[in-house]
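The values are calculated or read from the model by the stated rules, or taken from the named source; none is laboratory data. Quick caveat, the model's predicted, so the values are computed rather than measured. Every residue, glycine as well, gets a Cβ built from its backbone with ideal geometry; the counts of neighbours run over all protein chains shown.
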């Protein structure tokens, strides 16, 4: 597939569900906020379209229009596509791991815990860019869908718990902000988990989402019980279940050394580090 310039983009409604919760909001997020990349089999008359952002990919159209080589760029990604794409996806990668997912929608009043003494929960502003950039190790994923900490800070779509000295202890954001739904993600510093900070940030963020005239949604792996518990406590209720596919290992035919290295990182059904789920841990209250 080839990059598709934004000014050549066809009507999204012809390719992807409009106004849908969860990762389905990704195309609207990319179109509106300018992050991510569009792909097509042909720029003039596309038969297949893909949109990628922060390691997530949505595929639509005719799978006969794409080849395994054309999908190779989507290694170490979370791919959402109809079952018709499975043969070509299976031919494109050494590993194609199904991951059962659950999408929740905010429907009930959630718990609103009081932050611990010395902690303030508030909306993130552009002045907080440096604090967002100085999070704990392996936390860069939280602002990847916005193109970095500065973009997320300036977006108005994040809420954080700030400790003494202005350090960010937890942050929740609209990871994919669509036209009708904003899919929420949250991260907490390891040493500050189980203090109610994630729940406090999510509660404040869902209020902001509602004030924008949209509905918050929540996506997580079926077996991620802490994430599911946090979602339920925050007032989210199950909307649907689906399966996406984690593309692990190197594309077929790129060399035994690369494939061996990829397999070493993907042992016993796990996936490479760069393909780990978007929300590695959502801390229960």
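Data table
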{"read-out": "Residue within segment 203-224 that is at pLDDT 95 or above and within 20 Å of residue 117 (Cβ to Cβ) present", "value": "yes"}
{"read-out": "Some residue of segment 97-115 being within 30 Å of residue 68 (Cα to Cα), out of contact with any helix residue (DSSP H, G or I) (no Cβ under 7 Å at 6 or more places or on another chain) and surrounded by fewer than 14 Cβ atoms within 10 Å (Cβ to Cβ)", "value": "yes"}
{"read-out": "Selection within segment 207-219 - surrounded by fewer than 24 Cβ atoms within 10 Å (Cβ to Cβ) and either in contact with a strand residue (DSSP E or B) (Cβ under 8 Å, 6 or more places away or on another chain) or part of a helix (DSSP H, G or I) (or both)", "value": "207, 208, 209, 210, 211, 212, 214, 215"}
{"read-out": "Pairs where the first residue, in segment 87-106, is free of Cβ contacts under 8 Å to residues at least 60 places away in the same chain and the second is not in a helix (DSSP H, G or I), C-beta under 8 Å, 6+ apart", "value": "88/66; 88/67; 90/96"}
{"read-out": "Selected residue (criterion: surrounded by the most Cβ atoms within 10 Å (Cβ to Cβ)) from residues of segment 116-137 that are over 11 Å from residue 149 (Cα atoms) and free of Cβ contacts under 8 Å to residues at least 24 places away in the same chain", "value": "137"}
{"read-out": "Residue in segment 187-206 that is surrounded by the most Cβ atoms within 10 Å (Cβ to Cβ), counting only those that are in contact with a helix residue (DSSP H, G or I) (Cβ under 7 Å, 6 or more places away or on another chain) and more than 17 Å from residue 107 (Cα to Cα)", "value": "198"}
